[in-house]
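Scroll down for the structure; my scribbles are underneath it.
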There are 2 protein chains.
Amino acid sequence: MSNLELTVLEPEAVPCCPPITSAELSVEDAVRMAAMFKALSDPVRLRLFSKIASHPGGEACVCDIQDVGVSQPTVSHHLKKLREAGLLTSERRGTWVYYQVAPSVVAGMSALLDVNR
Amino acid sequence: MSNLELTVLEPEAVPCCPPITSAELSVEDAVRMAAMFKALSDPVRLRLFSKIASHPGGEACVCDIQDVGVSQPTVSHHLKKLREAGLLTSERRGTWVYYQVAPSVVAGMSALLDVNR
């Protein structure tokens, strides 16, 4: 047997939790998850999130997503909130900051609400 | 043929939307979905929702879910918000009101955030 087998990296841990129908949330998990849902509770913020998530290549520059009818500082404020809640990551490249969805965090929110599982 | 055939009710429509990675949310859908996420953005409200969702039989009486450290009127206020957002349904039976998760609505929120699909 070859000892050059590929190392399989563990997928990034899903932060939370079994489906909401299978177990009651702890106080700590409820605080954590409520903060994530709060990040999506504003229509403009949710649209920005959706623009980034659906952007070709899975990332968007702030320059790509300004057409939501609010000022650029407001866009920046919303992106900061989404990043602080863990739903986005960001990376500066040259002049621009690029935003990506944090897939394991968002998948964890989806799994919590997966009542058909 | 009998004209006493059962009327098959359409299953409740899944309210929204393809996964957030596949298409940008419209303004209208963003308003609608943000209101649903807002309903889960409070830790106590999220715990009440989780208690109902995970309760045996898939429903809970308000008498079953009072142990969240807030007053009964506050519990009622939170349940009203969850119902108004479409995440819960309720039914009075005798003395008590019983709450159930609205499965298609919650599944729609889950599907929206299903970034692995």
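Readers should treat all values here as calculations from the given coordinates under stated rules, not as data from a laboratory. Just so it is clear, the model here is predicted, and its values are computed rather than measured. No Cβ is skipped: glycine too gets one built from the backbone with ideal geometry, and neighbour counts run over all protein chains shown.
Only a single item in (1) in a loop (DSSP other than H, G, I, E, B); (2) within 7 Å of chain B (Cβ to nearest Cβ); (3) within 16 Å of the chain's Cα centre (by Cα) is not met by A:G86, and it is number (2).
Residues in region B:91-102 that are farther than 29 Å from A:S104 by Cα and within 10 Å of the chain's Cα centre (by Cα): how many? Summing the residues that are farther than 29 Å from A:S104 by Cα and within 10 Å of the chain's Cα centre (by Cα) in region B:91-102 gives 1.
Please indicate, with yes or no, whether at least one residue in region B:40-49 is more than 9 Å from chain A (Cβ to nearest Cβ) and either surrounded by 18 or more Cβ atoms within 10 Å (Cβ to Cβ) or part of a loop (DSSP other than H, G, I, E, B) (or both). Scanning region B:40-49, I find at least one residue that is more than 9 Å from chain A (Cβ to nearest Cβ) and either surrounded by 18 or more Cβ atoms within 10 Å (Cβ to Cβ) or part of a loop (DSSP other than H, G, I, E, B) (or both), so the answer is yes.
The condition (being surrounded by 16 or more Cβ atoms within 10 Å (Cβ to Cβ) and within 12 Å of another protein chain (Cβ to nearest Cβ)) is satisfied by just one residue among A:A23, A:A111: A:A111. Of the residues making up region A:47-77, those that are more than 13 Å from the chain's Cα centre (by Cα) and of a type in the set (V, I, T) are A:V62, A:I65, A:V68, A:V70, A:T74, A:V75. Whether any residue in region A:103-116 is of a type in the set (D, E), part of a loop (DSSP other than H, G, I, E, B), farther than 27 Å from B:V106 by Cα and over 10 Å from the mean Cα position of the chain (by Cα) is what I want to check. Among the residues of region A:103-116, not one is of a type in the set (D, E), part of a loop (DSSP other than H, G, I, E, B), farther than 27 Å from B:V106 by Cα and over 10 Å from the mean Cα position of the chain (by Cα), which makes the answer no.
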